[in-house]
1. Among the lysines, select those whose C-alpha is under 16 Å from the C-alpha of Lys499, and discard any that sit fewer than 8 residues away in the same chain.
2. Sort Cys532, Cys74, Cys508 by Cβ crowding within 10 Å, fewest neighbours at the top.
3. Going from the alpha-carbon gyration tensor of segment 271-343, what semi-axes, largest first and in whole Å, does one get by taking the root of 5 times each eigenvalue?
4. With +1 on each Lys and Arg Cβ and -1 on each Asp and Glu Cβ, how big is the dipole of the chain about its Cα centre, in debye rounded to the nearest 20?
5. Where does each of 257-269, 331-343 land if you order them by average Cβ count within 10 Å, highest first?
6. Which pairs break 21 Å Cα to Cα here: Lys210/Lys259; Lys415/Lys529; Lys449/Lys496; Lys343/Lys405?
7. With the crude spin-label approximation of a point 7 Å out along Cα→Cβ, what separation in nm comes out for Lys210 versus Arg452?
8. Sort 148-155, 395-402 for me by packing, meaning the mean count of neighbouring Cβ atoms within 10 Å per residue, highest on top.
Amino acid sequence: MNVGIVVLLASLLFQVVSAVSMSAYGEISRPGCYGLTSGPVEKCEEISCPGYYELTSDLIINRNTMLKYNIVSCIQINSPNVHLDCKNHTIKLVRDNDSETVLSRLPTGIFVANSKNVTITNCRIVGFDRGIYLEFSGYSTLRNNEMTDNRFGFGVFGTEEWHYINDVDESNRVEGVPVFYKIKVQDSVYDSPYTNTFYCISCRNVTLKKLEAKNNWFGVLFYNTQYSRIDSVSASYNGYAGIILQNSENNIIESVTAKNNLQYGIDLWRSSRNVLSNSTASFNEYGIYLEASKDNILKNNRMDYNRYNFGVWDPNSSTGFMNNIDDSNLAGGKSILYLVRAKDLVVDGSNASTLYCTACNNVTVENISAKNMMFGVIFVDSENCKAVNITAENCGYGAYSRSSKNITFAKASLKACNAGVGLSRSEKNIIRDVNVENCKEGINLIQSKGNRLENITVDSASFGIQLLNSDRNNLNNIGAKYCGYGLYIWKSNGNKADKGEIIGSRTCGVKIYRSEGNTVTNFNLSNEKNVCQDNPSLFSGFYASIQNFFTRILSLFKL
C-alpha cells in the first residue's frame, strides 16, 4: 500500500479516536490543527490549536459532572500562541455540596498546561477549586481577570525558570485584591502589600512584610531569588504551599505563620543556605519540609497538628540532609534531634520527636517516640549506629536506613505508618524484635544486601516483608498476618528465610518473582493461596527450582 495513504488513514483514525474519547467527557474536540484556528467558545472545551478565541456567553458546569467524567478544567489550553478573551463573561462551577478534595482532581476554571505564549483576558472565574492555573507554561500574559469564590484563586507552577516568566499585572484580582507577580525586582520593600498572593521570580534583596496570603495555589513563592526576606507573613488555606522557596538561596524567613494549607506549610525545595526561624506551621499535610535543600539553618520553629510535622528528604544525594537544625525546633511539643557527622555518642531520645542522623559513626540513640513525622528514625550515609526502643505512630516511615551499613534497629513498635521499616541501598544492617501494625507496608528492603531480620511481626499491611532487588539477606523467625502479600521477593537472589508464620494473606502468602537461589524453610503457611509462582512458560525451570526453595513445607501448600 502507498505510504502516503497509510499515513493519511492513520491520521484520520487518530482524529476519530480523539473525538470519541473527548465525547465521553461531554466536551468538544476540535479537528487537527492546520495553521491558526480561531472561533467562538460556547461551552467547556479543550483548546489544542493556536489562535484567537472568544467566550460568547457565561459558562456554568456542575462539579459532580467534572468529577464523574474526570474533567480537569472547564477551559483547558494545551497549545502555544493562544489568546482567550472571555469578553467579561463568567465561567462558574456549581458545587452540589460536594467537599471532596483530591489533588489530582481539582476542578479548574482555566487550566494552561505545557504551553507558552498564552494570553488570557477579561475572564470571570467563580466557584472552582482552582480559578486560573498555569502549569509548566511560561511567557504568558494575563490581563483583567477576576477570580472569586474559588478555593484557590490563582496559581502558577513549574520546575524551570521559564515556567514562571509570565506577565501578570495587578489588573488580575482574587477576591477583589490584586495579584502581585514580580520578576527581576531588586532592592525593594513590600510592607503590608494589598494582595493575598505574592510571587517573586529572579529577585534580589527584596523584603516582604506583614502580608496575609490566603486562598491561592501559593501564598508566597520565591523562585531563583536571593538575599531576600519574608517577615511576619501569615499564609493559610492555600493549595500547594503557604510559603515556598524554590531554587532560592541566602534568604531569611522570620516569624511566619503557615496553617491549613492543603499540602505544605513551609517548603524549601532545592533551596540552600537559607534561615528559617521563629515560625509556626500547623494543620497542614506537611508542616515544615525540606527537599534537596542543604546548608539551611532552622531555629525556634514550632510544628503541631500537621499530618507530618517535619520532614527532610533528598532523592538523589545525602547533601540535602546537611542542614543545621537544632533542638530549639519543636514538633508535637518535643525537640527535633538532628545530627550531622556525629560520632561516638550515646543519646537518650526520650524528649525527641524524631531522629535524623547523617554521616554518623558509632552513634546509639535510645527511647525515641515519634508521632506524625516523615521519619521516626532515619540514618543516611551512616555506619555502626543503633536505634533501640523505638515507637512510631502515623509516620511516613517508622525507621529508615539510606545508603548506610551496620545499622541496628531493635525493639521497635511501629503503628499506622505508611511503612514500618525501610532499607534503601543499605547493607549489613540488623532489624530485630520489631512489631509493625496497621501500616500500609511492613518491612521494605530496596537494593539492599547482606542484612539480617530477626523476630519480626507484621500485622495488616499490603505487603508484610518485601525484598526488591535485594540479595543475600537472612530472615529468621518472621511473621506476617492478614497482609496482602506475606513475603514478597522481587528480582532478588540468594536470600534465606527460616522459621516463621504467614497466615491470612489476602492475595498470596509467599510470592517470588524473577528471582533465583532463594530458600524458604520451616514456615507455617495458612492462606487462601500460599505460594504464587511465575508463569513457567516465561521462566524456564522455575517450577523445578521452586521445589528446592521451599523444603519441608510442601505439604502445607495450596497450589
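Every read-out reported here was derived from the displayed coordinates using simple, explicitly stated rules and does not represent laboratory data. Every value quoted in this text rests on a predicted model; they were computed, and no experiment measured them. Here Cβ is always computed from backbone atoms with ideal geometry, including for glycine, and neighbour counts include all displayed protein chains.
1. Answer for Lys499, where 16 Å is the Cα cut-off: Lys481, listed by chain and number.
2. Starting with the residue having the fewest Cβ neighbours, the order is Cys532, Cys508, Cys74.
3. So the three semi-axes of segment 271-343 are 19, 14, 11 Å.
4. Approximately 1240 debye in magnitude.
5. Final packing ranking: 257-269, 331-343.
6. Flagged as over cut-off: Lys415/Lys529.
7. The modelled label-to-label distance comes out at 6.4 nm.
8. 395-402, 148-155
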